[in-house]
1. Taking H placed 1.01 Å from N in the peptide plane, check which residues at least 5 places from Met196 or on another chain put their amide H under 5 Å from its amide H.
2. Using a cut-off of 20 Å between alpha-carbon atoms, which lysines can reach Lys147, once sequence neighbours fewer than 8 places away in the same chain are excluded?
3. Only helical DSSP H runs with n ≥ 4 go in: add -39500 (n - 2.57) per run for the chain, normalise by residue count and round the 222 nm mean residue ellipticity to 500 deg cm²/dmol.
4. So for each of 47-60, 248-261, 130-143 I average, over its residues, the number of other beta carbons within 10 Å; can you give me the resulting order with the highest mean first?
5. Looking only at Leu76, Leu34, Leu63, which one moves most when the chain is put into a Gaussian network model with springs between Cα atoms under 10 Å?
6. Of Pro110, Pro288, Pro157, which has the largest mean-square fluctuation in a 10 Å C-alpha GNM of the chain?
7. Whole-Hz Karplus ³J(HN,Hα) for the stretch 308-315, in order, using 6.51 cos²θ - 1.76 cosθ + 1.60 and θ = phi - 60°, x for Gly and Pro?
8. Would you mind calculating the relative contact order of the chain from Cα pairs under 8 angstrom and at least 6 residues apart, reporting the percent as a whole number?
Amino acid sequence: MKRRDFITLIGGAAAWPLSLSAQQTKVYRIGALLVGNADVVSFRTELREELRKAAYVEGRDLLFEFRSAEEKLDLLPNLAGELVALKVDVIVALYTPCALAAQRATREIPIVIVSGNPVETGLVASLNRPDGNITGVSLIAAELHGKCVELFRDMFPSIRRVAALGNAADPISKTFLEHVLLAGRTTGIEIVPTIMVRGPDEIDEAFASMKREGAGAVVVQGSLLSKNTAELALKHRLPAATFSRSFAEVGGLLSYGPDAPESFRRSAGYVIKILQGGKPADMPVEQPTKFELVINLKTAKALGLTIPPGLLAIADEVIE
């Protein structure tokens, strides 16, 4: 072999790994902390799809680490700790209990929340200047539970008593109840009984108690929305409502709140900005701009209820 050819061979060999290295990209690890309610499927779908649209290919550019409490909120601190131990690049926390658990677990890893009342719960300093490692989307969920009472009044003008089902393990259960009680005073509807459960296994008896006490309908706190809750409400012949459309989709009578899939897509936008070098402290928290009323007509028929045509006309979606 000629000396010149040998030098060329060595030079090419030296350059080859450098070229390969330049083509390699960082694989990001995205953690997601979930209550485990009816919103999980929609959330996963929208998060994955938005990142795919931004050219982040799962398995090549990023990996997902989903952790769900399966409606047992006392598991959230340990699940948040698992994500921190994995050194994920971003944590996405769906709903206030998850957001607070993530906040307690780390002050360093960026956290994107989809949560109600982030200022009032101490997640961010302000909406415009989050001032920390947390930003995301505010759902103003607690206030919207009160709107459900108003909708029951419009749907059933003769209703006199609406129950409230809260989640004692949810840090904003008190705020949830305050807004439902306020709506009761405004509409002249008695909010009785108000029951706080500590887990999904207590919901059946809670509905039975509501029925015994003459409740004509029930407002369900968002962290309890699940197919099981919807089915138990139907079993006890109780029209049930909350703020997330997922509840109506799995059998609840109605929902009124922000466009959930859109909120999930917006949270993915924050994840993308962070992966591109953005800092949560510099990203204002967004508030909902679009709200939707969803009515499950199939459930109404199963309950023997007639929904006023005027209400059906203004619904964004009617499930039949």
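1. Amide H to amide H, under 5 Å and 5 or more residues apart or across chains, Met196 pairs with Gly166.
2. Lys174, Lys290
3. On the way: 12 runs with 137 residues, N = 320.
The per-residue figure over the chain is -13000 deg cm²/dmol.
4. On the way: 47-60: 14.2, 248-261: 24.6, 130-143: 22.4.
Packing proxy ranking, top to bottom: 248-261, 130-143, 47-60.
5. Among Leu76, Leu34, Leu63, the largest GNM mean-square fluctuation belongs to Leu63.
6. Pro157
7. x, x, x, 6, 5, 5, 9, 5
8. So the answer I get is 18 percent.
Every read-out reported here was derived from the displayed coordinates using simple, explicitly stated rules and does not represent laboratory data. Please read these numbers as outputs of a predicted model, since none were measured by experiment. Here Cβ is always computed from backbone atoms with ideal geometry, including for glycine, and neighbour counts include all displayed protein chains.
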